[in-house]
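The values are calculated or read from the model by the stated rules, or taken from the named source; none is laboratory data. Every value quoted in this text rests on a predicted model; they were computed, and no experiment measured them. Cβ sites come from the backbone with ideal geometry, for glycine too, and all protein chains shown count toward neighbours. When the accessible area is computed, the model is the full protein with side chains, heavy atoms only, and any ligands, DNA or RNA have been set aside. Shrake-Rupley method; radii C 1.70, N 1.55, O 1.52, S 1.80 Å.
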Amino acid sequence: MEEKRYLTFALGKGRLAKKTLQLFEKIGITCEEIKDPDTRKLIFVNEELRLRFFLAKGPDVPTYVEYGAADIGIVGKDTILEEGRNIYEVLDLGFGKCRMCICGPESARDLLQHHEQIRVATKYPHIAKDYFYNKKHQTVEIIKLNGSIELAPIVGLSEVICDIVETGTTLRENGLTVLEEVCPLSARVVVNQVSMKMENERITQLIRDLKTVI
Ligand code: PRP
């Protein structure tokens, strides 16, 4: 009999990958070599289950999945929204919970309410644009940054930021606050559209199994 083809998983590097692997272990999917913190290997195989895993930068996960280089991806909802790829989002894993928010000093609340032309610094220009242009019908200037977004209103680069808030500690320690909530976020399972058809049985079984442990 012909061997089953490998199902390939793209995992977003970091906290998300660690939690994902813990969840997979609960449903009998293990991959010992991926857990070695010193390894420089990029791809890991579970021969027995015909599964392959690789770690990628979060924003690249939807890209691998859209092109079919990975059948399945585990990635934050923020990244899914920002990247806007043609992929199926099939399951909310319920961890990595946080919120996408518009934040700034309390003094920026008025500017937001009166639809002033403000500057919004963010790592998520598409999410910010969608929120201000399509939902709020407010014209703003979006400034793309790559990290430490909270700095922007402090040093006068922007009036507000559009960023992830988890515990709220970063905001608090920098004299900033949540002004508006854009949407809730968490880790999601995404699937390539062709894989969903060709490997439907294996993938739906995996989703069923995951649902029993989340
Ligand atoms: C994220 C986010 C906030 C912070 C929120 O940054 O951009 O800065 O975490 O968490 P908190 O509400 O628990 O304080 P991350 O650590 O990913 O680094 P970054 O500055 O590179 O975005």
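General remarks:
- Summed side-chain charge close to Ile27 - residues other than Ile27 whose Cβ falls under 15 Å, Lys, Arg +1, Asp, Glu -1: +2
- Segment 119-186 - percent of accessible surface contributed by carbon and sulfur, probe 1.4 Å: 49
- In segment 150-214, the ratio of gyration radius to Kirkwood radius, Rg to Rh, stands at 1.26 when only Cα atoms are counted.
- Principal-axis tilt of helix 15-26 within the chain, Cα atoms, nearest 10 degrees: 30
- Antiparallel beta bridges, as assigned by DSSP with both residues in segment 33-173, represent about 55 percent of the total such bridges.
- A Förster distance of 25 Å, applied to the separation of the beta-carbon atoms of Ile207 and Glu181, puts the FRET efficiency at 0.30.
- In degrees, nearest ten, helix 200-213 long axis to first principal axis of the chain (Cα): 60
- Point-charge dipole on Cβ atoms (K/R +1, D/E -1) for segment 113-186, about Cα centre, debye to 20: 200
- Within the accessible area of segment 4-75 (1.4 Å probe), percent carbon and sulfur: 52
- Remark: C-alpha extents of the chain on the principal axes read 68, 35, 30 Å, sorted largest to smallest.
- Inter-probe distance in nm under a simple model that places probes 7 Å from Cα toward Cβ, at Val194 and Lys4: 2.1
- Listed residue (Cys98, Gly175, Asn200) projecting farthest to the positive dipole end of segment 90-214, Cβ model: Asn200
- In terms of overall dimensions, the C-alpha atoms belonging to segment 1-64 reach 38, 26, 22 Å along their principal axes, ordered largest to smallest.
- Amide hydrogen proximity for Cys183: with H placed 1.01 Å from N in the peptide plane, the residues at 5 or more positions away or on another chain lying under 5 Å are Met100.
- The aspartates and glutamates whose alpha-carbon is closer than 17 Å to the alpha-carbon of Lys129, local same-chain residues fewer than 8 away aside, are Asp78, Glu82, Glu83, Glu116, Glu141, Glu159, Asp163, Glu180, Glu181.
- Pairs beyond 20 Å (Cα-Cα), from Lys19/Lys211; Lys13/Lys35; Lys35/Lys77; Lys97/Lys123; Lys4/Lys35: Lys35/Lys77; Lys4/Lys35
- A crude spin-label estimate for the pair Thr139 and Asp36, with each label 7 Å from Cα along the Cβ direction, gives 5.8 nm.
- Segments 78-87, 171-180 sorted - mean Cβ within 10 Å per residue, highest first: 78-87, 171-180
- Normalised per residue, the accessible area of the chain is 55 Å², obtained with a 1.4 Å probe and no contribution from ligands, DNA or RNA.
- Diffusion of segment 28-128 by Stokes-Einstein, at 20 °C in a medium of 1.002 mPa s and with Rh set to the Kirkwood radius over alpha-carbon pairs, works out to 127 µm²/s.
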